[in-house]
Every structure is written in C-alpha cells, then in structure tokens.
Amino acid sequence: MNTRSQTRVPARIGNRVSLRVGLIGDPVAHSFSPRFQQAALDQLGIPARYELWHTPADQLLERVRSLCEEHCLGANVTIPHKEAVLPFLDKLDPLAERIGAVNTIVHRDDYLHGYNTDALGLLRALHEQGLGELLPDDSVSLEGYTAVLLGAGGAARAAAFGLASAGVEQMIIINRHLERAQLLATEVQQFSEQPVFSLSDPSFLIPHPRSIIINATSLGMHEDASPLPTELLERFDPDTFVYDMIYNPSQTRLLCQALAIGLQGANGLSMLLHQGALSFTYWTGRPAPLDVMRSALVL
Ligand code: NAP
C-alpha cells in the first residue's frame, strides 16, 4: 500500500487539525480500546479521534487503503483480520513477521508499517504483576520461569514469541489441536535456546516450580468453562501465577479455580492496556499516559 506520492499533512477542519485512528475488526462494537485510547489522545492534546471501523472480510483491502489518507495515523487490528492484513502492508516489523500477525498499523512516511504489540504487552502485564525483571532497554526478562501456554491461535503465537524473547527457562504449549501446538513450538524453538514442548492433553503436564500459566485460548470468554481441571492446578506450587488473557468476563472459570486454591492470578485487562499503550506510542511518537489509560479502563 505504497502512498509515496502523498505528503503527510494533517487535514484541517476550521482551525483544528483532525486526525483519525481506529480499530479494524469484525465485530468491534464490544471493544474497550476507544475508552482508553481516546482518553490518552485527549490527555496529550492530540486532536485525533479513535473510531470503531467495523470491517467484514470483503472490505478489508478497501479499509486498509483508507489508512493511507493524509490525516490517518493508522489502526489497531483485531479478530479476524490480524493475519489477513499482512499482504496489504508495505513494511513489517521483524517480530510481527515472526508471529505472522499484526495488531497495529502505522501510517508513517507514506508507508503502512505493521507491528505486533501483543507480545510485549503481555510481558509488561506480567511484569506489572511482579513477575520477572525490567531490563535497561525496557524489555522484560522472565529467566528462571516455566511458561505453560494454553492455546496456539493468534494471541498464543504472540505470547510464545514474547515469552521466548524474555528467556523463559522452558515453554510448554498446550492446544486442543496438537498439530498447531507442534507447529508453533517448532517455529519458536528456532529463536529460543531454551526447550519448547507441545502437548494436547493437559493431564500429561508435569508441574514445575516458578510456573506461569497463560490462557491464550478463547475458552471461558463465551462459556463458563476452563481449559484446565482444578485437580491439575492443585499440583502446582503455591507461587504459580495464572494469567488469563480474557478480560471480559473479568473473572473466568480458570481464574476463579486458581484463586480459590490460593494461586495468584490476573485477567487480560493489563495486557490490553500495555499493548494499547505501545500502539499509541507507535502512532504518535509520544510516551503513552499509562495512568490516564488505566483509569479509563478502570483496572
Ligand atoms: P484464535 O486465534 O481464534 O485462537 C483460539 C484458541 O483457543 C486456539 O488455540 C483454539 O484451539 C482455542 N480454543 C477455542 N475454543 C476452544 C475450546 N472449546 N476448547 C479448547 N481450546 C479452544 O483467538 P486469539 O486471537 O488467539 O484470541 C484468544 C483469546 O485471547 C481471546 O479470548 C482473546 O480475546 C484474547 N486476547 C486478549 C488480548 C488482551 O490484550 N488481553 C489480546 C489478544 C487476544 P484450536 O487451535 O485447537 O482450535
């Protein structure tokens, strides 16, 4: 989507510069992103609107093209288009390329750049929960932890590459369809010196000390169901942390199980916050006002 012929001058409405950024997906109406992105834009006095751009698959190309308009900063991308947008972009960040999914598009220098902020967003969310260490370059180290990753879809792919970059001691990917877990484990292993395993049946899981269990399946979002039985969770050490990427409902069955037996846990709201904050910085070049965004999300 090369738009070299255009210069990026914000459109003017009256004396006001009017910029746009938005969320591309289907559906989008349920999204929490406008709440905290608009609060951040307003806080920094950036005259931009964060909009919801409901986009069925047959309108995706047209929608992505519209991001090249001079007053458009870019977009977030959500289900089901995170993978489908890749061929429509001019440049891909290496991490997004590895993950194979883009959740942030930036219109910069007349090009559309694709990024994935889910990976680092998850690591920052885990660090905020007291896990790992923030390094001088702002990356997060999870050395010494075992990651148990539930799922092998888009969010799990971002998590797996993020966790590998954070240096987890080992990673176990568990997915209903084993072949997807195996494929992801093989791909991640190429970028990791630590072992990456795959499983389809969680009952074969051997608990390790200092484990972080991450739910990246959608199980628990639409139904009162859990990807792990309580008997299995009970085998883990009390310092095990359960992070559920689902934030709506705020307490999934998995989280309730974990908290009820004394494990620590959190829902995915903090990941949503941090991936959004990273997107904000990509669009605006400004540090995201995290506190304002957090308040808007009512963490
Ligand atoms: P996705 O690509 O559709 O992947 C869905 C995953 O869930 C797959 O691994 C799938 O397993 C598994 N799954 C679905 N139904 C299942 C069931 N009944 N039993 C067992 N496994 C099941 O979705 P996604 O984009 O990765 O999103 C996954 C979740 O993460 C969603 O709830 C999403 O809202 C959440 N998320 C949160 C954030 C955040 O910022 N907090 C960011 C991204 C995503 P199979 O491969 O076997 O089908």
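Can you find even one residue in the stretch 86-102 that is over 24 Å from Thr186 (Cα atoms) and open to solvent by less than 10 Å² (accessible area, probe 1.4 Å)? So that I can check it myself, show each step before the final result.
Taking the stretch 86-102 first, the residues over 24 Å from Thr186 (Cα atoms) are 88-91.
After this cut, where a residue has to be open to solvent by less than 10 Å² (accessible area, probe 1.4 Å) as well, the list is none.
Checked against the condition, which is being over 24 Å from Thr186 (Cα atoms) and open to solvent by less than 10 Å² (accessible area, probe 1.4 Å), the stretch 86-102 yields no hits at all.
Only one of these is within 16 Å of the ligand (Cβ to nearest atom), out of contact with any Pro (no Cβ under 6 Å at 6 or more places or on another chain) and not assigned by TED's automatic domain parsing to the domain that holds Ala159: Ser218, Ser279, Ser226. Name it. Step through it out loud before you land on a result.
Working: Ser218 fails: not assigned by TED's automatic domain parsing to the domain that holds Ala159; Ser226 fails: not assigned by TED's automatic domain parsing to the domain that holds Ala159.
Testing whether each residue is within 16 Å of the ligand (Cβ to nearest atom), out of contact with any Pro (no Cβ under 6 Å at 6 or more places or on another chain) and not assigned by TED's automatic domain parsing to the domain that holds Ala159 leaves just Ser279.
Given the condition surrounded by fewer than 20 Cβ atoms within 10 Å (Cβ to Cβ), within 22 Å of Asn116 (Cα to Cα) and away from the ligand (no atom under 11 Å from the Cβ), answer yes or no: does some residue in the stretch 152-167 qualify? Break it down into steps so the answer makes sense when it comes.
To start, the set of residues in the stretch 152-167 that are surrounded by fewer than 20 Cβ atoms within 10 Å (Cβ to Cβ) comprises 153, 167.
Keeping just the survivors that are within 22 Å of Asn116 (Cα to Cα) gives 153, 167.
Of the ones still in play, those that are also away from the ligand (no atom under 11 Å from the Cβ) are 167.
Yes, the stretch 152-167 has at least one match.
Per-residue answers, yes or no, for (1) surrounded by fewer than 20 Cβ atoms within 10 Å (Cβ to Cβ); (2) closer than 12 Å to Ser226 by Cβ:
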| position | (1), (2) |
| --- | --- |
| Asp239 | yes, no |
| Asp244 | no, yes |
| Pro249 | yes, no |
| Leu259 | yes, no |
| Leu263 | no, no |
| Ala266 | no, no |
| Ser270 | no, no |
| Thr281 | yes, no |
| Thr284 | yes, no |
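In the stretch 132-151, what residues are on the phi < 0 side of the Ramachandran plot, open to solvent by 10 Å² or more (accessible area, probe 1.4 Å) and not charged (D, E, K, R)? Give the derivation first.
Of the residues in the stretch 132-151, the ones on the phi < 0 side of the Ramachandran plot are 133-137, 139-143, 145-150.
With the extra rule that they be open to solvent by 10 Å² or more (accessible area, probe 1.4 Å), the set shrinks to 133-137, 139, 141, 143, 145.
Leu134, Leu135, Pro136, Ser139, Ser141, Tyr145 - these are the residues of the stretch 132-151 that are on the phi < 0 side of the Ramachandran plot, open to solvent by 10 Å² or more (accessible area, probe 1.4 Å) and not charged (D, E, K, R).
Could you grab me the full set of residues in the stretch 224-252 that are in contact (Cβ under 8 Å) with a residue 40 or more places away in the chain and within 15 Å of Asn267 (Cα to Cα)? Please lay out each step first, then the result.
The first filter runs over the stretch 224-252 and keeps only residues in contact (Cβ under 8 Å) with a residue 40 or more places away in the chain, leaving 227-228, 241, 243, 245, 247-248.
Within the stretch 224-252, Pro227, Phe241, Tyr243, Met245, Tyr247, Asn248 meet the criteria.
For the stretch 129-147, indicate whether the set of residues that are within 12 Å of the ligand (Cβ to nearest atom) and among the hydrophobic types (A, V, I, L, M, F, W, C) is non-empty.
Keep residues of the stretch 129-147 that are within 12 Å of the ligand (Cβ to nearest atom), which gives none.
Scanning the stretch 129-147 turns up no residue that is within 12 Å of the ligand (Cβ to nearest atom) and among the hydrophobic types (A, V, I, L, M, F, W, C).
Which one of these does Leu112 not meet: (1) assigned by TED's automatic domain parsing to the domain that holds Gln189; (2) farther than 18 Å from Ile212 by Cβ?
Condition (1) is where Leu112 drops out.
Which of the residues that make up the stretch 200-223 are more than 14 Å from Ala152 (Cα to Cα), surrounded by fewer than 19 Cβ atoms within 10 Å (Cβ to Cβ) and among the polar types (S, T, N, Q)?
Passing the criteria: only Ser203.
Taking the stretch 49-80 only, how many residues are surrounded by 18 or more Cβ atoms within 10 Å (Cβ to Cβ), part of a strand (DSSP E or B) and without any contact (Cβ under 8 Å) to a residue 40 or more places away in the chain?
Of the residues in the stretch 49-80, 2 are surrounded by 18 or more Cβ atoms within 10 Å (Cβ to Cβ), part of a strand (DSSP E or B) and without any contact (Cβ under 8 Å) to a residue 40 or more places away in the chain.
The values are calculated or read from the model by the stated rules, or taken from the named source; none is laboratory data. Remember, it's a predicted structure, so these values are computed and weren't measured experimentally. Note that each Cβ is placed from the backbone with ideal geometry, even for glycine, and that neighbours are counted across all protein chains shown. Heavy atoms of the whole protein, side chains included, go into the accessibility calculation; ligands, DNA and RNA do not. Shrake-Rupley method; radii C 1.70, N 1.55, O 1.52, S 1.80 Å.
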